[in-house]
């Protein structure tokens, strides 16, 4: 197989004859070539098989797709767009500005244009944008032999033949049947004899993200999409849902890390865009951390009277932030998998309260033993009230970890209820929140325990 740099040189020097002889690039090679040599990707797509090009095109990022389409001659761009599956074509056009979509629609074949406009008519982010109208439908009055004949005639155009969809005279879906059922019965058997009337459907106006859990829980390669009247409109296949799940998981992980979601791979995103995506959240988190300094200033008197308290400030606030980050990450992921809904908030709170108490007690004990051992072995002198200092640190850790656990678990659920993205309650954000409140808890406990001695 040719080196990708060799392919670039052949294209650059217009040695097309030699290129054709070497045209044995896999889909992965073409994607890698496009990411590495974006400016030459358009020329590459002009000289590879159109079906192969269409299969690869859907896996490219939006910006790469735009560059390729713009660099192709109109007739080649039309050929590529017409060769795409309807759902892949709609996904691409749905991300473009209105004027760009209008120009590209002009070069589509009439039937393809009508089909695309219909799919684009569904709300952005809906299942209607994700579905394809290329499927095989049959009637309950058909025989198995007639069904097999339909597959031979129209199966090539269908995106999948794993399931066939039974509709009535009005196009209403009444069942879906796995193709293997038709291969193990007598050809004269009527379709209605093998129907069980048990099927799962998606609504065209449902959110795309809801399909991920549906596919996961039902182990299906394709699911039918219907309108409010139950009329079969199209199907959604697992490959589209897998790409959607990957995209959603990537966005979620990046947001949990305290950054805006990147729109393209790290290796291809520009330095300016990378900084822009990260700077906003860092500024917000920095401003939040400034409140920590404000809180410390408020307790300046206590710190000056008992300087030993300042030694444990990093320990206290980091423990609270860590417990909050743990809880938020676990809850956000559980919500993404559909394990937790808003109605489960009380169950989550009870569970996290007990978790916070146990985890806080463990850390509190460790904190107390640290002071005890250092004092006992004369590694550090905490003064005559060292035991009270130990209790202050121990009970403060209990309170801060408990508060961090509750905050980290409840904030994502609250944001979801308010219609915001739970991933916005990222680990750094929760840690910043708990840092400030942790200081308040620490010095409040210190005031109660050390009043009359060090304070």
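The values are calculated or read from the model by the stated rules, or taken from the named source; none is laboratory data. In this text, all values refer to a predicted model and were calculated from it rather than measured experimentally. With ideal geometry, Cβ positions are generated from the backbone for all residues, glycine too; neighbour counts draw on all protein chains shown.
Here residue 210 does not qualify as farther than 16 Å from residue 87 by Cβ, modelled with pLDDT of 90 or more and not in a loop (DSSP other than H, G, I, E, B). Look at the stretch 267-285: where a residue is closer than 19 Å to residue 321 by Cβ and a partner is in a helix (DSSP H, G or I) and modelled with pLDDT under 75, sitting 6+ places away or on another chain with Cβ atoms under 6 Å, you get 285/428.
If the condition is being buried (at least 16 other Cβ atoms within 10 Å of the Cβ) and more than 30 Å from residue 193 (Cα to Cα), then the stretch 114-167 contributes 115, 116, 119, 120, 122, 126, 127, 128, 129, 130. Quick one: is residue 99 free of Cβ contacts under 8 Å to residues at least 60 places away in the same chain, closer than 26 Å to residue 65 by Cα and surrounded by fewer than 18 Cβ atoms within 10 Å (Cβ to Cβ)? Yes; evaluated as a whole, the condition is true for this residue.
Could you please find all residues in the stretch 65-80 being in a helix (DSSP H, G or I) and either over 24 Å from residue 237 (Cα atoms) or not assigned by TED's automatic domain parsing to the domain that holds residue 100 (or both)?
Once the filter is applied, which keeps residues that are in a helix (DSSP H, G or I) and either over 24 Å from residue 237 (Cα atoms) or not assigned by TED's automatic domain parsing to the domain that holds residue 100 (or both), the stretch 65-80 yields 66, 67, 68, 69, 70, 71, 74, 75, 76, 77, 78.
For (1) within 30 Å of the chain's Cα centre (by Cα); (2) closer than 22 Å to residue 351 by Cβ; (3) surrounded by fewer than 21 Cβ atoms within 10 Å (Cβ to Cβ), each residue gets a yes or a no:
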position	(1), (2), (3)
405	yes, yes, no
438	no, yes, no
445	no, no, no
452	no, no, yes
455	no, no, yes
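Rundown of residues vs (1) farther than 25 Å from residue 339 by Cα; (2) touching a helix residue (DSSP H, G or I) at 6+ places or on another chain (Cβ under 7 Å); (3) not in a loop (DSSP other than H, G, I, E, B), yes/no style:
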site	(1), (2), (3)
173	yes, no, yes
177	yes, yes, yes
192	yes, no, yes
196	yes, no, no
223	no, yes, yes
229	yes, no, no
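In the set (1) loosely packed, with under 15 Cβ neighbours inside 10 Å; (2) in contact (Cβ under 8 Å) with a residue 60 or more places away in the chain; (3) in contact with a helix residue (DSSP H, G or I) (Cβ under 7 Å, 6 or more places away or on another chain), the condition left unmet by residue 337 is number (3).
On the given criteria, is residue 146 assigned to a helix (DSSP H, G or I), assigned by TED's automatic domain parsing to the domain that holds residue 240 and closer than 19 Å to residue 79 by Cα? When the stated conditions are applied, residue 146 does not pass them.
Let's see how each residue does on (1) touching a helix residue (DSSP H, G or I) at 6+ places or on another chain (Cβ under 6 Å); (2) within 16 Å of residue 440 (Cα to Cα):
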residue	(1), (2)
286	no, no
298	no, yes
303	yes, yes
310	yes, yes
314	no, yes
318	no, yes
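Condition check ((1) modelled with pLDDT under 70; (2) assigned by TED's automatic domain parsing to the domain that holds residue 422) across all residues:
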position: 251; (1), (2): no, no
position: 258; (1), (2): yes, no
position: 263; (1), (2): yes, no
position: 277; (1), (2): no, yes
position: 287; (1), (2): no, yes
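Scan the stretch 415-430 and tell me whether some residue there is free of Cβ contacts under 8 Å to residues at least 60 places away in the same chain and either buried (at least 24 other Cβ atoms within 10 Å of the Cβ) or in a helix (DSSP H, G or I) (or both).
Yes: one or more hits.
With respect to residue 343, determine if the residue is surrounded by fewer than 21 Cβ atoms within 10 Å (Cβ to Cβ) and in a helix (DSSP H, G or I). So residue 343 fits the description; yes.
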